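Notes follow once the structure below has been shown.
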Amino acid sequence: SCDASQLCNCSSMGLDFIPSELTAKITVLNLAHNRIKRIQSQDLQQAVNLRALLLQSNEISSIDEDSFQSLAKLELLDLSNNSLTHLSPLWFGHLFSLQHLHLQGNSYRDLGQSSPFSSLRNLSSLHLGNSQFSVIRQGNFEGIELLHKLWIDGSNLSQYEQGSLKPIKEINHMIINLRNSTIFSEIVRDVVHSVTWLDVRRIVFSIPAQVQVLRVLSSSFARKISFRQTLLTDATVPEIASILEDMPKLVELELVDCRLLGTGQWKMEIQAKKSQTLRVLTIKKLSIEKFYLFTDLQAVEGLLSLFTRVTVQNTKVFLVPCRISQCLRSLEYLDLSANLIGDLSLEHSACQGGWPSLQTLNLSQNSLSNLEITSKSLSHLGNLIVLDISQNNFGEIPDVCKWPKLLKYLNLSSTQIPKVTNCIPSTLEVLDVSGNNLKEFGLQLPILKELYLTRNQLKTLPGAAPIPNLVALSVRRNKLNSFSKEEFESFRRMELLDASDNNFICSCEFLSFIHHEAGIAQVLVGWPDKYVCDSPLAVRGAQVGAVHLSLMECHRSLVVSLICVLVFLVILLLVAVGYKYHMVWYLRMTWAWLQAKRKPKRAPPKDVCYDAFVSYSENDSDWVENTMVRELEQACPPFRLCLHKRDFVPGKWIVDNIIDSIEKSRKTLFVLSEHFVQSEWCKYELDFSHFRLFDENNDAAILVLLEPIQSKAIPKRFCKLRKIMNTKTYLEWP
């Protein structure tokens, strides 16, 4: 389970214990998702160079005190989602290099009377808590002065001793998942000056009184506040905003996967005169049930003037009021992706005077459908450099469009455009038109440096003359099957050409040209399940100089021709063998046998219509009809015979007529002669009777030799029939 770098992956193997074959060479050991219940002293003694030990999602309930004693180089220990009922300081006493410790999802109720982490001087991230975790005591975090990340899952935390977290002087990112607002307030009070990014999860702010627990943040030095899976209302939003504007160093506010009950009818107007530091607002997946009734947000205009970055993703935004756009005077970055903005609403949102400083705009995954209106709506944004309008549905695009003068990056990928026109601005340095239905690309873009044409229908490379400054070209997953030397010559200045996942037919001459003559720094012509000709700087892990093409890769046509000839000869041989050994007959017999098997072995008495079915050759019909049939049908009592000439059902398949007639007859009378043996239809009748005779174990067949016939004249495949002629009585005429 170990690779060359001594990373051993033993996860999900159903192990009940730690393997005994561990050596000092192992650096990473993954034992996650097994059934290990105990870690014993000797289990890890030999793994002295272990850097990472992953034991999450087992059933560990017991750890010997000196189990980790030899792991002085261990940097990551993951014991999450096990069954540990307590934490012992002795487990971690020798883990001097430990940086990351994950203990969440166990069964311990507290961290003990003292600090289990006092010896972990290099600890960087600590994950604690579970559904039963209820007590944090003073001294539990002694010895820890600096943490990059502290995650406390205390959904049922009911007791927190004041000052427990004060020993930690600096916490870069603290995640708190609490339900008890009082405990939340006490914890925040202890870290108010030490935490840089406070991440609050699963807390409810439905009434103003609940928001007061955040009042302690007014004096916090935190630069970023995040609310995740939090419930907000029209009554609590103004209260939260008034607290945040008092925070002296707050730069960024983030709301992720939250829920807002209301329509923006905030009773208290927000004053933002105090807040001079808030610059970044991020809102992702904010659920507003009555989003279509939401107000124009006049109440928050005072907060907006200093924002430089705003992200509102997947929140059903269909319009940004013009007044709000005009208030965002300092805005440089705006992400409105995955919303409901259409052509007309964009025209209103990007009104004159709106977003005057905007440099980057993301409108991907919206409801835009007219590229001419979109470009015109944004054309007055004099500072816009980057525009992403991918994953909209533009379809046909016009010949001429009006764009911002400084636009350099345009993303039109996955917008259903069938062809590109002069609507594309000539000022671009980067253009992405991947995932469309383009069959050619012939635009003149004199300063373009990067062109992305992935997932289109191109059969040839775009011309190099109209894009002389191109340094990177991606034409992955198109329909290219070859490059000419002239095409490579025209792209000599490029640094990267990615043409992998196409339909290239490779040759030794082509490979030699790329390797020795083309001046492109890196050429990707790789493939999954196709031929490969990689260039000087290597692709998919192999240097071109080290590539040795096989006979198939160098002489594809010859090899394919030889394979076709061999396949033809094999088919010819099979036909000859089949003819010699009666393969067609066996197939016909199998079909007839399957047909017969689907029917009852014996027809019910009421379905038996004839005394005998007569099987004979047409050349013997004179004797059969004028002699045998006349004698039998005029006997006393008369026999009722079934003859194919007289009794077969018109329009029915002949084989079905034969099978049904034999099934509805008590006996089958075979008139054997040299003509009978040569008759194809007599063979079918004989075949089915052969099955009935030996499958049902009855005496349904009666043989009449019209003329002397040797047993060996009967086909060899009817060996059992020949045996009957040798062992049972048959009639001879006359």
Taking the alpha-carbon centre of each part, the distance from the stretch 1-64 to the stretch 377-393 in Å is 52
As a Kirkwood estimate from alpha-carbon pairs, the stretch 120-201 has a hydrodynamic radius in angstrom of 12.5
Given backbone amide H placed at 1.01 Å from N, residues whose amide H is under 5 Å from that of ASN393, ignoring those fewer than 5 places away on the same chain, are LEU368
Checked the stretch 204-324 with the C-alpha gyration tensor, a ≥ b ≥ c its square-rooted eigenvalues, rounded below a/c of 1.5, otherwise prolate if a/b is larger than b/c and oblate if not; verdict rounded
Rounded to whole angstroms and listed largest first, the alpha-carbon spread of the stretch 313-425 along its three principal axes comes to 38, 29, 20
Note on the stretch 146-194, DSSP bridge orientation, antiparallel percent to nearest 5 equals 0
Diffusion coefficient in µm²/s returned for the stretch 4-65 by Stokes-Einstein, Kirkwood Rh over C-alpha pairs, 25 °C and 0.890 mPa s, is 209
Among PHE205, SER158, ILE187, the residue whose Cα sits farthest towards the positive end of the charge dipole of the stretch 123-223, when +1 is placed on the Cβ of each Lys and Arg and -1 on the Cβ of each Asp and Glu, is PHE205
Square roots of five times the C-alpha gyration tensor eigenvalues of the stretch 363-447, ordered largest first and given in whole Å, equal 18, 15, 12
Residue span SER119 to ILE709: 0.36 nm per residue of separation minus Cα-Cα distance leaves a gain in nm of 201.8 nm
Computed from every Cα-Cα pair in the stretch 39-120, P(r) in 5 Å bins starting at 0 and rounded to whole percents is 3, 16, 26, 31, 19, 5, 0
Of 435-442, 424-431, ordering from highest average Cβ density within 10 Å down gives 424-431, 435-442
Once LEU562 and THR421 are pulled to full extension, the length gained, defined as 0.36 nm per residue separation minus their Cα-Cα distance, is 46.0 nm
Of all lysine pairs in the stretch 207-307 that are eight or more residues apart or on different chains, those with Cα atoms under 21 Å apart total 8
Whole-Å distance linking the alpha carbon centroid of the stretch 340-360 with that of the stretch 636-685 is 89
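Quick note: the coordinates plus some simple rules give every number you see, no bench work behind them. Remember, it's a predicted structure, so these values are computed and weren't measured experimentally. Virtual Cβ from ideal backbone geometry, glycine too; neighbours counted across all protein chains shown.
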